[in-house]
1. What do you get for GluC sites (Glu not before Pro) in segment 1-109 restricted to DSSP loop and a cutoff of at most 16 other Cβ within 10 Å of the site's Cβ?
2. Per DSSP helix of 4 or more residues, -39500 (n - 2.57); summed, then divided by the residues of the chain. What does that give at 222 nm, rounded to the nearest 500?
3. In the chain, what percentage of the DSSP-assigned beta bridges are antiparallel, given to the nearest 5?
4. Of all alpha-carbon pairs in segment 39-117, indicate the percentage at a distance above 14 angstrom.
5. Can you pick out the pairs among K60/K121; K20/K52; K95/K115; K52/K106; K52/K107; K52/K135 whose Cα atoms lie more than 30 Å from each other?
6. Hey, got a sec? Which trypsin sites (Lys or Arg not before Pro) in segment 106-138 land in a DSSP loop and have at most 10 other Cβ atoms within 10 Å?
7. Within 10 Å, count the other beta carbons around each residue, average over each peptide in 69-75, 91-97, and list them highest first.
8. Kirkwood hydrodynamic radius, the chain, all distinct C-alpha pairs: what's the number in Å?
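Readers should treat all values here as calculations from the given coordinates under stated rules, not as data from a laboratory. In this text the structure is predicted, and so the values were computed from the model without any measurement. FYI the Cβ positions are ideal-geometry reconstructions off the backbone, even for glycines, and counts take in every protein chain you see.
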Amino acid sequence: MRTIDATDCIMGRLSSHVAKSLINGDEIHIVNAEKVLISGSRANITAEYVEKRTLNHPRKGPRYPRAPHMMLKRAVRGMIPYQKPSGRSAFKRLKVDVGVPSNTDKKIEIVDSAKANSDGKYMTLGEVSQLLGAKING
């Protein structure tokens with residue numbers, strides 16, 4: 001099992017890297033999901049995620065998560081063939097956590113290709129989830 005630190009990584013780049021690894025058969029554990037960055041202006045990001053949450057039917061769906069680890073997991077799910085059995089089995093090999101669990105004793109990898117530049121507009125996934133009303137400590 002590979003453990004990946006998601007701190008200061010852009011969500012789309014990290015998700016595509018993880019999706020490729022899952023399809024190839026790796027087991028992946030992502031830590032610090034609340035520190036993933038979403039690129040764009042604060043107003044656009046906020047409007048997009050609020051619209052995703054309010055556009056659905058409460059009972060019928062589609063349901064979009066508010067917690068940062070589930071939002072990241074949903075982004076990865078969108079990049080694998082989830083409707084096929086191979087995609088379902090790949091998705092089951094993914095584990096995402098807020099913060100670093102105490103039982104993580106393995107070497108934590110950093111994905112350099114997913115790191116954000118210092119110049120740019122970003123918002124963390126933790127900020128977005130708090131704005132949506134998630135009650136998570138991270």
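1. E27
2. Helices in the chain give a 222 nm mean residue ellipticity of -11000 deg cm²/dmol.
3. Approximately 30 percent, going by the DSSP bridge assignments.
4. 76
5. Flagged as over cut-off: K60/K121; K52/K106; K52/K107.
6. Answer by residue number: K106, K107, K135.
7. Most protected by this proxy first, the peptides run 69-75, 91-97.
8. About 15.5 Å, per the Kirkwood formula over Cα pairs.
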